[in-house]
Structure formats: C-alpha cells, structure tokens
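Colleague: I'd like to ask you about the structure that follows.
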Amino acid sequence: MATASSNIKGFYRQKKKESGIRKPTSTKSDKSSLLHAATLGSDFTPPSALVSHGSPDLKDDYDKNEDVLRQFDMNSAYGPCLGMSRLARWERAQRLGLNPPKEIEDLLKGTKVRSECLWDGCI
Amino acid sequence: MAGMEIDTVENLQRKQSTYQSLDETFVIQNETYRGQQYSQIYFARLHMMRTLLYSLVTHWKPHVPVCTVLGLEEGKECIIVGTLYKHMKLKPCILDEYSKERSAVPLVKHHNFMHPDDHLVLEDESGRVKLGGTVLSPSVYVTGVVVALHGKETGAGDFMVLDVLEAGLAPQIEPQLKSREDKYVVFISGVSAGSSLSNPLQFQLLVDHITGHLGDEKEQGIAAEIVHVVIAGNSVEIPLGLLNGQNLASKDQSRLSEPVQELDILLTQIAAGVPVDIMPGSNDPANFSLPQQPLNRWLFPGSRAYNTFRSCTNPHCFELDGVRILGTSGQNIDDLKKYSEGRDGLEFMERTLKWRHLAPTTPNTLGCYPFTDRDPFLIESCPHVYFVGNQDKYGTRILKGSEGQLVRLISIPKFCNTGMVVVLNLRNLECHALSFETQFSS
C-alpha cells in the first residue's frame, strides 16, 4: 500500500501527465470522479503505478475506461478478482449488497472493454 | 400399505407426512468452473458472516470500536472480525516433500494432527494478525471459522484476545402445524453393502421391520407409524482392490457392481412401502468434494421406479410436516475430529451450529467445490433436527439456543458395525435407538 512518490514516477516512464492510474485527487474531472467511484467502499487506496509500461507505448495511453475497470478489479471490498469475469464479479457484489457503482456495469455491458480482470492471462 | 395379516380383516395404513426438499443450495447445476481458486468462497463466507457479526457486535459491546486488521493500533481496545486460521505444526504439508533436510519427522498420526504449539491467526482482506491470550483455545477452533474478537494489539504485534463472539445458533422457524400423533423417521448410515463387515441378514431384518413384515399386529402398528427413512451415506463398499490399473476381467466387472445391486434390491423393498432418501457418503460412488451430488438414479434400476425413492445431496436438508431436518454423512464432523478436540461427536456438532457453518474446514482440509458467489454450508435457518452419519457410536441430546431455539442432535452409528439405527418421533423430537442382531449367544 505504498503511496506514490516521485522516484516511482521516474522509474515508470509515463508518456503524459494524465496517464497512469492515480489516487483520487481533488480535481473534479470526470475521470477522477469515476476512479473515486471505483474505489468507493474501500479504505485501501491502491498504489498509483499499477500499469506496467514494459512494452513500448506505440499508441496513446490506454483507454481511460480500462483505467476505471482496473481500479474496480483492485478494490478488495468486492472480493478477489482472479477467476471471475468482471461482470460476474460486479453482479456478485450487487447480490451481496455491496452497492458497486453503476458506471462499472454500464461500462462492462455497453462499451467495448476487456471482460476479464487485469491479471487474467498473466497469472 | 397392508401388513402381512392373515386372520384379521382390517388393513393397516401407513401414516403420511408432507415432505419438502431444501437441497437446492447443495445441487451444483448452474455453477461453471472458470479457473477460480478458493479465495472466492472464503470471501463469500467472510462477507456473509461479517455482515451478521457486525449486527451482533452492536448489542454485544456497543462502546468498543470496530476496525479492520490493518487498522489496529497498539494498545487500543477494539473489535475485529475475520476468518480464523490455525497454524498446525503436524498438519501434513505438500512442501515437506521438497524440504532439503531429511530430518527424522515424527510419524503423522492419522486420527489427530493437534500439537501444543498450534496457534490461531485472524485474517480479513487487509491482513492477518497472530492471536494471543488464553481466551481463545486453539484446540477448540479450526481454520475457516469466522468470529468477532474483542482485544488489543500488543507491542509484539500480536492481538491479545479479551473476548470472543461466535455467531450463535441461527434463528429458528416454528413448524406451522405441530403433529399431534406419533410419526417416526428412521435414520440409518454405514450399511456398507458388499463389505466383509456387513451382514445382509441384519439389513434385511431392518427392511422387514420397516415394511411391516415382522411381528404381530402391535409390531406392525408401530411400523405403520414410520413415515420416512433417511440413509446417511456409505451404503455400499465397492471392492476397490480390484482396481489396480489393469483392464478388468468380466467377472471382476460384475463383482464391482454387486454391492450396488445388493443395495438396490433392499432399497426397492423399502421404497415400495415408505419414502426413502439416500445420501452419498465418503465411500459411495459419488463425487468426492462437498457438497456431494445425488447418487445417479441409474445405479438403482429397481428403486427408481418408485416416486418414494429420492436420491439426495450430502449435506441434505428437508422438511417433514414443517420440522426442518438437516444432516450430513459425517465428513464434516470427522474432519473436525482430526483438527480439533472435543468430548464427543455431539460436541463438534454443537460447535458447527454455533459457528453457523456446517463444514468450516472446507476447503482447507475437506474438499469442496470452489463456489464464487456463495458458501452453501452457511446455516441460515436453524434446523429442528441435526444429524450426522457414520459415527462410531449412537448419541443424542437437545441443544438450546439463546433465543429459544431447540435442536435435536443425532449421531448415527455405522450400521455395519453396530446393527443400530436411530428412530426420531416428529411429534416431540424424542429419539431412541433400534438394534438388530442376528447372532444368538449360547
């Protein structure tokens, strides 16, 4: 649960100021409110540099939707993310009365996003 | 069903009762395995139990703050809720095979893995903390139980436990219509048809008694009051010695299926007269991990024809005339015996009811299906009767809950060893044993 420090930012090459997963800041932008929504219910803020920039970023920073979904994956309040599709995990959170944010469900059902959690295929 | 009367004109009618199966939670039909691990079922269990315990904690110690394991502060009294993990020195570990030093490891005792150095740890999503103090005895608890603990963190980083809160007995629903006449349920387990220990004549005697083929009118009158039969596991013993990796000769193939055929013949006789539920056990041809799925109906071509024959899951839950009966074939209690200490089987049964979980050691030391969104072994409604099969001896007592719940605990002995079955009266939940002997001591 390390807080982001400047040496981490230097280590992980970041293309733009806005890319990478960040802890919720006080700016009232759309993205940060969605991020805040994803981490709701958890006291544990994930570390900010979750994204591995190992492969060269030939395209621009990946989808900000993916960003939000990764925050949802990492939120321990909704249980472990491995071994379940994101939608199944969202539905489980709903059934258990955890009130997962509606935006996540809309993203998973509506837009073209990865259906599996961020560790899928890596572990 | 008519008795075997020859002289009298009247027919004896067997009494009836309403039956409702509550096994849906134990049937694995909509689950798909997607590579998930057991963390999911532990999460579901922790979440359900913690929600319950949080509501109980407000009445238990209203002025003590509740926090998570990570939020513990040294010296500050608080309440934490999590899953217990018992670190056991003697518990066999797969990694022992790979340990470099081949020291003289003490032989593992099969019956119990306890050691004085065992200690408990409490875990939630944020972390673990070692538990200290004398309030929580490691010999009583097992891995997988969810409890609330009141205490404080010590300088050493342990959590000194001052008090513990278990979930306690679940709420119990009173049966709507209390039966006013005597109606009996017969519980059998460990028939082990096909084993060298089992005596077919003994089982036949039991079947004849239940179906009213034994005795005079009075005897048959008693048998006519039997409304249900429950067979709690280990009904067959398949000669596994025949399976040695080679192709089976045809005569060996028929020897493999003989025990089930023998059982089916007797089951058909029972099913013809009285509703019978058969549950799988650890030795039966069913899946290994809990909840065991019903024995395939095609194993019983004779009994299958009767709608009174029901193949059920293990654990099995049903209602007879509104009386809720829940039980297993014994694996849950047998596993507790290996990893904890108790006076008798009934004490372990009492603990599972108070922990509100039928099999807390799943999936740690007892195999279970990796559910993702629920834990089917959580006891949501307290049964009126709780039975466990394949035990060493018969035992029974009434357990009283803090909110007026009353549970009849029944430990069913193995029939092949003891010749005993248990008979329960639905009217007053009184219980007695029935023995069948075929040896005559001279």
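The values are calculated or read from the model by the stated rules, or taken from the named source; none is laboratory data. Computed from a predicted structure; not experimentally measured. Glycine gets a Cβ as well: all are built from the backbone with ideal geometry, and neighbour counts include every protein chain shown.
Colleague: On the given criteria, is B:Asp335 at pLDDT 95 or above, in contact with a Gly (Cβ under 9 Å, 6 or more places away or on another chain) and either at negative phi or part of a strand (DSSP E or B) (or both)?
Modeller: Criteria not met by B:Asp335.
Yes/no per residue for (1) more than 22 Å from B:Asn428 (Cβ to Cβ); (2) surrounded by fewer than 22 Cβ atoms within 10 Å (Cβ to Cβ):
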| position | (1), (2) |
| --- | --- |
| B:Lys152 | yes, yes |
| B:Ala156 | yes, yes |
| B:Val161 | yes, yes |
| B:Gln172 | no, yes |
| B:Gln204 | yes, yes |
| B:Glu219 | no, yes |
| B:Val229 | no, no |
| B:Asn234 | yes, no |
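Colleague: For the range B:16-54, give me each residue that is within 16 Å of B:Pro291 (Cβ to Cβ), assigned to a helix (DSSP H, G or I) and without any contact (Cβ under 8 Å) to a residue 60 or more places away in the chain.
Modeller: If the condition is that a residue be within 16 Å of B:Pro291 (Cβ to Cβ), assigned to a helix (DSSP H, G or I) and without any contact (Cβ under 8 Å) to a residue 60 or more places away in the chain, then B:Glu24 is the only one that fits.
Colleague: Give the residue, chosen from B:Gly144, B:Gly190, B:Gly194, that is closer than 26 Å to B:Ile333 by Cβ, modelled with pLDDT under 95, within 30 Å of the chain's Cα centre (by Cα) and crowded, with 19+ Cβ neighbours inside 10 Å.
Modeller: Result of the check over B:Gly144, B:Gly190, B:Gly194: B:Gly194.
Colleague: Among the residues of the range B:300-311, is any part of a loop (DSSP other than H, G, I, E, B), in contact (Cβ under 8 Å) with a residue 40 or more places away in the chain and surrounded by fewer than 21 Cβ atoms within 10 Å (Cβ to Cβ)?
Modeller: Looking for residues that are part of a loop (DSSP other than H, G, I, E, B), in contact (Cβ under 8 Å) with a residue 40 or more places away in the chain and surrounded by fewer than 21 Cβ atoms within 10 Å (Cβ to Cβ), one finds none in the range B:300-311, hence no.
Colleague: Go through (1) away from chain A (no Cβ under 14 Å); (2) modelled with pLDDT under 95; (3) under 23 Å from B:His357 (Cα atoms) and name the single condition B:Asn30 misses.
Modeller: If we test B:Asn30 against (1) away from chain A (no Cβ under 14 Å); (2) modelled with pLDDT under 95; (3) under 23 Å from B:His357 (Cα atoms), just (1) comes out false.
Colleague: Let me ask something else about it. Every residue in the range B:336-348 that is buried (at least 20 other Cβ atoms within 10 Å of the Cβ) and either farther than 14 Å from B:Gly389 by Cβ or among the aromatic types (Phe, Trp, Tyr) (or both), please.
Modeller: Those that are buried (at least 20 other Cβ atoms within 10 Å of the Cβ) and either farther than 14 Å from B:Gly389 by Cβ or among the aromatic types (Phe, Trp, Tyr) (or both): B:Leu336, B:Tyr339, B:Ser340, B:Phe348.
Colleague: Collect the residues in the range B:33-87 that are surrounded by fewer than 19 Cβ atoms within 10 Å (Cβ to Cβ), more than 10 Å from every other protein chain (Cβ to nearest Cβ) and either on the phi > 0 side of the Ramachandran plot or aromatic (Phe, Trp, Tyr) (or both), keeping them in residue-number order.
Modeller: Of everything in the range B:33-87, those that are surrounded by fewer than 19 Cβ atoms within 10 Å (Cβ to Cβ), more than 10 Å from every other protein chain (Cβ to nearest Cβ) and either on the phi > 0 side of the Ramachandran plot or aromatic (Phe, Trp, Tyr) (or both) turn out to be B:Tyr54, B:Trp60, B:Gly75.
Colleague: Among the residues of the range A:67-93, how many are part of a helix (DSSP H, G or I) and at the interface with another protein chain (Cβ under 10 Å from one of its Cβ atoms)?
Modeller: Pass one, the range A:67-93, residues part of a helix (DSSP H, G or I): A:67-74, A:76-78, A:86-93.
When the remaining residues are screened for being at the interface with another protein chain (Cβ under 10 Å from one of its Cβ atoms), the result is A:76-78, A:88-89, A:91-93.
Number satisfying all stated conditions: 8.
Colleague: While we're on this one: Could you tell me which residue of the range B:120-142 is farthest from the other protein chains (Cβ to nearest Cβ), considering only residues that are of a type outside the set (Val, Ile, Thr) and in a strand (DSSP E or B)?
Modeller: B:Gly132
Colleague: Moving on. Determine which member of the set B:Ala271, B:Ala249 is without any contact (Cβ under 8 Å) to a residue 40 or more places away in the chain and touching a Ser or Thr at 6+ places or on another chain (Cβ under 6 Å). Quick ask: steps written out before the conclusion?
Modeller: Numbers: B:Ala249 fails: touching a Ser or Thr at 6+ places or on another chain (Cβ under 6 Å).
When all the criteria are applied, what remains is B:Ala271.
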